[in-house]
1. Look through segment 300-318, keep the residues that are outside any loop (DSSP other than H, G, I, E, B) and either within 11 Å of Thr264 (Cα to Cα) or of a type in the set (Phe, Trp, Tyr) (or both), and return whichever of them is nearest to the chain's Cα centre (by Cα).
2. Here is a list: Asp301, Asp280. Which entry is surrounded by fewer than 17 Cβ atoms within 10 Å (Cβ to Cβ), closer than 30 Å to Ile3 by Cα and in contact with a strand residue (DSSP E or B) (Cβ under 9 Å, 6 or more places away or on another chain)?
3. Output the residue which, of all residues in segment 133-170 that are charged (D, E, K, R) and modelled with pLDDT under 95, is farthest from Lys84 (Cα to Cα).
4. Have a look at Lys73, Lys42, Lys84 and point out the one that is of a type in the set (D, E, K, R), surrounded by 15 or more Cβ atoms within 10 Å (Cβ to Cβ) and within 25 Å of the chain's Cα centre (by Cα).
5. Would you pick out the residues in segment 171-187 that are open to solvent by less than 40 Å² (accessible area, probe 1.4 Å), touching a strand residue (DSSP E or B) at 6+ places or on another chain (Cβ under 7 Å) and either not hydrophobic (A, V, I, L, M, F, W, C) or not in a strand (DSSP E or B) (or both)?
6. May I ask you to say which residue of Leu272, Leu266, Leu215 is in a helix (DSSP H, G or I), under 18 Å from Gly331 (Cα atoms), touching a residue at least 40 places away in the same chain (Cβ under 8 Å) and touching a helix residue (DSSP H, G or I) at 6+ places or on another chain (Cβ under 9 Å)?
7. Please state which one of Leu336, Leu288 is crowded, with 20+ Cβ neighbours inside 10 Å and either farther than 25 Å from Val362 by Cα or in contact with a helix residue (DSSP H, G or I) (Cβ under 8 Å, 6 or more places away or on another chain) (or both).
8. Return the residues of segment 108-152 that are in a helix (DSSP H, G or I) and under 15 Å from the mean Cα position of the chain (by Cα); say none if nothing qualifies.
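The values are calculated or read from the model by the stated rules, or taken from the named source; none is laboratory data. Bear in mind the structure is a predicted one, so any value in this text is a computation, not a measurement. Here the Cβ is made from the backbone with ideal geometry for all residues, glycine too, and neighbour counts use every protein chain on show. Accessible surface areas use protein heavy atoms only, side chains included; no ligands, DNA or RNA. Shrake-Rupley method; radii C 1.70, N 1.55, O 1.52, S 1.80 Å.
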Amino acid sequence: MEIPNNFCSLLIRGTDLTNEELEHIKNIYNRLGRTNIYNFVKNKKIIPFAANTFVNYDMDKDFWHALLDDYRKRNSSIIVFLNKVYTTLKQEDVCKMFVSENFGALLESNCDIALFASGDVDNYADPSEKGKIYRAFEKIGCSRKERFSGNHQIAAEFFPSKTENLPKELYISVDFYPLARLKLPCFVNADDFIDWNKTIRYADTNIILPPADALMYICMLHISLHSFSRAPDIRLYIDLLNMEKLTVNYDKLIEWAKRDETCTRLAVAADLANALMKTDYPKAITDLSMRRDKVKKFVYDEAINDLLYEPKGFEIFRIEILCDDLGVLHGIKKILFPDLEWMYEVYGSKGFLAHIRHSLKVIK
């Protein structure tokens, strides 16, 4: 039996399923059996979400409950290590860094800590504090790998010592430019929407989280950077499932989106979250752009309520163009002829040959 495409979104939601949705899950489970279901959710990297759903609805409960507990212990060890990281960052007088995106959304919404399956924890930090951040990670024995877009460093990854009680695949990602794109410049300035005086300390730790409004903006735009349906595809929308639980000033998000020309990105992300995760993001956000449906038809199949295949190459280029609030021609110009200072940082030149290299890169 082939597993329906929208099965993952039902398992991720986990609660408040309709009787029809629950019967759908039970039929698939009974026909495929535990082993095939386990292999499927392992491949999709949604084991704890599936386990949570099966436990909630008393399906093979003992087996899945044990797995859920394993993830809860795993992620509790990550919190202990993150507290160590942020305590050391505080000692180094780092003031502009926080846990972002998936783990940040989970912590800030106080959801079950078991519901995190990624191998990395995303953080945002101001590049002016890079030296102090490097010293902090060196103090606690982490090795480092830097990530670049051409000649321009956009992030660093830190790998804990093997002596730490952590999942072997775990690493800490520190992004120096929020929402930076590998082939295109970052389209927002962090200081325009992050109030560093209103960051949040998680529980009784030194772990720092961003203000809810800023985190919501980051999560919605982050989904758009993955063309709404590129890997990790459906898992991107877990952030918006979690973030919906928080009190967010949507007027502020709309103000930022209009200023940054990101209205289409927010509208598509919120509208897809409502469809896939049954969230209830307001029409003020989902109707923010008349271009929303033009983008959706390239990433979403309404008939089966699921994301389409993963776009590649020119398809990604086309989606980026359609996301431009000022129209297709403006989108083409902005992508093929980006900011000259960014061109120089990435390619070492602002000239014709650099633009040719760039154009070939973005449509590849």
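1. Looking only at segment 300-318, we keep the residues that are outside any loop (DSSP other than H, G, I, E, B), and these are 300-301, 306-307, 314-318.
After this cut, where a residue has to be either within 11 Å of Thr264 (Cα to Cα) or of a type in the set (Phe, Trp, Tyr) (or both) as well, the list is 300, 314, 317.
Working: Tyr300: 18, Phe314: 23, Phe317: 20 Å.
Going through the qualifying residues, I end up with Tyr300.
2. Numbers: Asp280 fails: in contact with a strand residue (DSSP E or B) (Cβ under 9 Å, 6 or more places away or on another chain).
Among Asp301, Asp280, only Asp301 is surrounded by fewer than 17 Cβ atoms within 10 Å (Cβ to Cβ), closer than 30 Å to Ile3 by Cα and in contact with a strand residue (DSSP E or B) (Cβ under 9 Å, 6 or more places away or on another chain).
3. Within segment 133-170, the subset charged (D, E, K, R) is 135, 138-139, 144-147, 157, 162, 164, 168-169.
Those still in the list that are modelled with pLDDT under 95 too: 147, 162, 164, 168-169.
Working: Arg147: 24, Lys162: 15, Glu164: 11, Lys168: 17, Glu169: 18 Å.
Filtering first and then ranking leaves Arg147.
4. Details: Lys73 fails: surrounded by 15 or more Cβ atoms within 10 Å (Cβ to Cβ); Lys42 fails: surrounded by 15 or more Cβ atoms within 10 Å (Cβ to Cβ).
When all the criteria are applied, what remains is Lys84.
5. Scanning segment 171-187 gives Ser173, Asp175, Phe176, Pro178, Ala180.
6. On the way: Leu272 fails: under 18 Å from Gly331 (Cα atoms); Leu215 fails: under 18 Å from Gly331 (Cα atoms).
Just a single option satisfies the conditions, and that option is Leu266.
7. Values: Leu336 fails: crowded, with 20+ Cβ neighbours inside 10 Å.
So the residue among Leu336, Leu288 that is crowded, with 20+ Cβ neighbours inside 10 Å and either farther than 25 Å from Val362 by Cα or in contact with a helix residue (DSSP H, G or I) (Cβ under 8 Å, 6 or more places away or on another chain) (or both) is Leu288.
8. Of segment 108-152, the ones in a helix (DSSP H, G or I) are 108, 127-139.
The answer is Glu108, and nothing else.
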